[in-house]
Each structure stands twice: as C-alpha cells, then as structure tokens.
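Beneath this line is the structure, given in structure tokens, with notes to follow.
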Amino acid sequence: MLCHPAYLRTMHTYIYLILHMFRLLLDLLSTHRLSDPQKDIEILLLHQQLRIVQRKLPKSPHISAWEKGILAVLAVHFRICSVGTGKRLDAAMVLFKPDTVLRWHRELVWRKWTFRAEKQTGRPPVGAELEELIVQLARENPRWGYSKIQGEVLKLGYGVSRSSVRNILKRRQVSPSPERKKQGSIWRTFLGHYANQMVAGDFFTVESIRLQTLYILFFIELGTRRVHLAGCTAHPTSAWVTQ
C-alpha cells in the first residue's frame with residue numbers, strides 16, 4: 001500500500017528533527033567529559049577549520065530550518081551568558097553574521113504569534129462576535145480609523161479586511177474617525193479633571209530564551225505616569241490576577 005506524499009514529507013521532517021536533537025544531545029554529553037583546557041583547544045581547532053572552510057565557500061552554505069533554530073537559540077543564550085565577560089558573539093560566529101543568526105531568532109518568535117489561514121473560496125462572513133468587537137473598539141477609541149481597527153483585530157487572531165470594517169461600522173451607524181474624535185472630547189475632558197484619581201492596568205509580554213511567553217501585570221497612575229509592576233507569570237489565570 002502506497003503512502004501519501006504529504007505523509008511521507010511530514011515523517012521525513014520529524015525524523016530529521018529527531019536526528020538533529022539527538023546529535024545536539026551527544027555534543028552536550030561529550031563536552032561534559034572534557035576538562036577546561038581540552039575544551040579550549042577543541043574550540044580553537046574547530047574555529048581554525050571553519051575559517052578554512054569559509055575561505056573555500058563562495059557564499060554562506062544553505063542550512064535547514066531546524067539548523068537555523070538551533071543556531072539562533074544557542075547564539076541568544078551565548079550573548080546572555082557573555083554579558084560582563086568581554087566575549088562577543090562576533091568572535092564565536094564564523095560562517096554566518098551575528099545579525100543574521102539573531103534575525104532567525106526573531107523570526108522564531110514571530111512564527112509563534114502568527115498562523116497560516118486555510119484557503120477558502122470567497123470572502124468568509126464576519127461573525128456576530130467579531131462584529132460586536134469591531135463596534136466596541138470604534139466607540140471606545142474615537143481616533144482609530146478603519147485600518148487601525150483592522151490591525152488591532154488582526155492581533156487578536158481575527159482576519160478581516162479594511163472594507164469589511166468600514167461596512168460594519170456604516171451598517172451599525174458608527175461615525176468615521178474624524179467625527180468620532182469630536183464626540184470623544186467629552187471623555188478627554190473627564191480624564192483631564194480626574195486623571196490624578198485614576199489608575200489603569202494591563203499586561204505586556206516578554207519572550208524568554210526558550211520562546212516561553214511571560215506575562216507582566218502592571219498599573220499606571222494616569223496623573224503622574226508612574227508605573228507599578230504587580231507580578232510576572234507564564235500562566236495568567238484569574239486566581240493569579242485576583243491575588
């Protein structure tokens with residue numbers, strides 16, 4: 001019985017990843033058995049051989065996505081561990097530029113927060129929940145135009161076009177941004193009078209070296225702009241926020 005080509009490609013990718021991780025584990029185990037002088041000499045030998053290879057190559061070699069990921073994580077870890085030691089990432093990277101490897105790490109973080117939308121025929125209808133969200137964003141943010149609302153909705157994982165945002169707001173009789181700015185002047189006046197008595201709270205996120213998302217809860221005094229950090233966690237549950 002013949003296997004589907006897509007299934008074979010997927011299995012080949014998994015096997016390729018397992019082999020890379022196994023080789024990396026073997027490298028880690030072998031370095032633990034070496035003394036510090038042996039490690040230093042081995043590093044010098046490897047650097048000298050890499051420089052010879054670099055002279056022979058007309059351009060940077062082609063590597064797989066898994067190899068890029070391993071190099072990116074190791075480079076970021078090396079830079080963090082080298083703070084204050086005087087060691088530079090430029091000296092450790094021979095075949096590739098440090099900026100290139102660090103860009104690979106940024107792409108890893110970017111891919112974590114994006115997804116590929118499935119191909120559909122025609123434009124899908126906008127759900128009631130998304131429509132209510134668009135109307136709420138428009139009413140609470142008078143300065144946001146159609147493109148700004150579309151971008152904010154996209155960050156929340158909803159795919160919607162600018163024209164759809166415009167049609168929804170027109171159908172719900174929500175004025176365009178220039179007219180909503182005038183209507184929002186009352187709210188700005190209110191904030192101007194009571195800013196010293198108001199505190200706002202929100203989360204911002206930070207990506208760790210292992211691509212783990214950390215959520216930081218903070219509060220800001222609107223009058224003084226003083227920021228108070230309330231806590232940091234990888235799992236912002238309701239119980240954690242309440243305490």
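Those helices (runs of 4 or more DSSP H) of the stretch 91-207 in which at least 1 residues are modelled with pLDDT of 80 or more and touching a helix residue (DSSP H, G or I) at 6+ places or on another chain (Cβ under 6 Å), considering only elements entirely within it, cover 98-112, 128-140, 146-155, 162-171.
If you filter the stretch 198-216 down to residues that are within 18 Å of the chain's Cα centre (by Cα) and more than 19 Å from residue 111 (Cα to Cα), you find that the one that is most open to solvent (accessible area, probe 1.4 Å) is 203.
So which residues in the stretch 217-229 are outside any loop (DSSP other than H, G, I, E, B) and open to solvent by less than 60 Å² (accessible area, probe 1.4 Å), if there are any at all? Listed by number, the residues that qualify are 217, 218, 220, 221.
Looking only at residues in the stretch 75-90 that are more than 15 Å from residue 207 (Cα to Cα), modelled with pLDDT of 75 or more and of a type in the set (A, V, I, L, M, F, W, C), which one is surrounded by the fewest Cβ atoms within 10 Å (Cβ to Cβ)? Looking at residues that are more than 15 Å from residue 207 (Cα to Cα), modelled with pLDDT of 75 or more and of a type in the set (A, V, I, L, M, F, W, C), I get 81.
The values are calculated or read from the model by the stated rules, or taken from the named source; none is laboratory data. Keep in mind it's a predicted model, so treat the numbers as computed, not measured. Virtual Cβ from ideal backbone geometry, glycine too; neighbours counted across all protein chains shown. SASA here: full protein model, heavy atoms, side chains in, ligands and nucleic acids out. Shrake-Rupley method; radii C 1.70, N 1.55, O 1.52, S 1.80 Å.
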